[in-house]
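Asks: Just dropping this structure here.
The values are calculated or read from the model by the stated rules, or taken from the named source; none is laboratory data. Quick caveat, the model's predicted, so the values are computed rather than measured. Note: ideal-geometry Cβ built from the backbone for every residue, glycine included; neighbour counts use all protein chains shown. SASA here: full protein model, heavy atoms, side chains in, ligands and nucleic acids out. Shrake-Rupley method; radii C 1.70, N 1.55, O 1.52, S 1.80 Å.
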Amino acid sequence: QAQLVESGGGLVQPGGSLRLSCAISGVTAQGYVIGWFRQAPGKEREGIACISKTDGSPYYPDSMRGRFTISRDNGKNTANLQMNSLKFEDTAVYYCAVDVGRYFCSAIGFHPLEFDYWGQGTQVTVSS
């Protein structure tokens with residue numbers, strides 16, 4: 001059974017940084033993509049970044065470019081999200097997810113409904 005576990009969330013002041021990690025196990029597909037999403041109360045789930053497990057090529061929606069960096073370590077079977085210059089509006093539950101139907105990330109496939117496996121989420125709260 002596939003399992004994804006996020007870690008690294010917490011309380012941070014505006015302007016601060018956090019690094020989230022996603023541990024992946026039980027995914028038997030050779031190639032897939034890993035996405036990071038977030039969801040604030042009362043709002044839709046929003047894509048942040050995506051990365052190919054095969055070659056590590058990333059994708060960022062235009063609205064997310066600049067403050068977020070996604071990476072992966074195939075040896076450890078993990079994916080990370082570095083978040084810098086955090087703002088109040090970044091407060092949300094952050095999720096990692098896997099889409100086994102794609103080898104590479106693109107705007108066409110970067111939607112929550114396309115992803116097959118999800119972690120439980122980790123809370124990020126930006127507050128002074």
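Asks: Along the charge dipole of the stretch 28-97, which of ASN74, THR91, GLY56 sits closest to the positive end, that is, farthest toward it, with unit charges on the beta carbon of Lys, Arg, Asp and Glu (+1, +1, -1, -1)?
Replies: Of the options given, the answer is ASN74.
Asks: Per residue, how much accessible surface does the chain expose to a 1.4 Å probe? Answer in Å², no decimals.
Replies: 52
Asks: Identify all lysines with a Cα-Cα distance to LYS53 below 18 Å; exclude those on the same chain that are fewer than 8 residues away in sequence.
Replies: Hits, sequence-local ones excluded: LYS76.
Asks: Another question, then. Starting from the amide H of THR91, placed 1.01 Å from N in the peptide plane, find each other amide H under 5 Å away whose residue is 5 or more places distant or on another chain.
Replies: Residues meeting the criterion, in which the H sits 1.01 Å from N, are VAL126.
Asks: Provide the net charge surrounding ASN74, with neighbours chosen by a C-beta distance below 14 Å and charges set as Lys +1, Arg +1, Asp -1, Glu -1.
Replies: +1
Asks: To continue, here is another question. Summarise the accessible area of the chain (1.4 Å probe, protein heavy atoms) by the percent that is carbon and sulfur.
Replies: Roughly 47 percent of what the probe reaches on the chain is carbon or sulfur.
Asks: Shifting gears a bit: Please list, in order along the stretch 7-18, the HN-Hα scalar couplings obtained from phi with the Karplus expression 6.51 cos²θ - 1.76 cosθ + 1.60 (θ = phi - 60°), rounded to whole Hz, x for Gly and Pro.
Replies: For the stretch 7-18, the Karplus curve yields 8, x, x, x, 9, 9, 7, x, x, x, 10, 9 Hz.
Asks: Residues with beta-carbon under 13 Å from that of GLY109, excluding GLY109: net charge, scoring Lys, Arg +1 and Asp, Glu -1?
Replies: Net local charge, GLY109 excluded: -2.
Asks: Quick one: net charge around PHE37, please, counting Lys, Arg +1 and Asp, Glu -1 for every other residue with C-beta under 15 Å from its C-beta.
Replies: -4
Asks: Can you tell me the order of 112-122, 45-55 when each peptide is scored by its average per-residue count of other Cβ atoms within 10 angstrom, highest first?
Replies: Ranking the peptides 112-122, 45-55 by packing returns 45-55, 112-122.
Asks: Run the reach check for LYS87 against aspartates and glutamates, Cα to Cα strictly under 17 Å, same-chain hits fewer than 8 apart removed. What comes back?
Replies: Cross-link targets: GLU46.
Asks: What area, in nm² and to one decimal, does the C-alpha convex hull of the chain cast on average over all directions?
Replies: 7.2
Asks: Moving on to the next point. Once label points are set 7 Å from the Cα along Cα→Cβ at both GLN82 and LYS43, what is their separation, rounded to one decimal in nm?
Replies: The two pseudo-label positions are separated by 2.4 nm.
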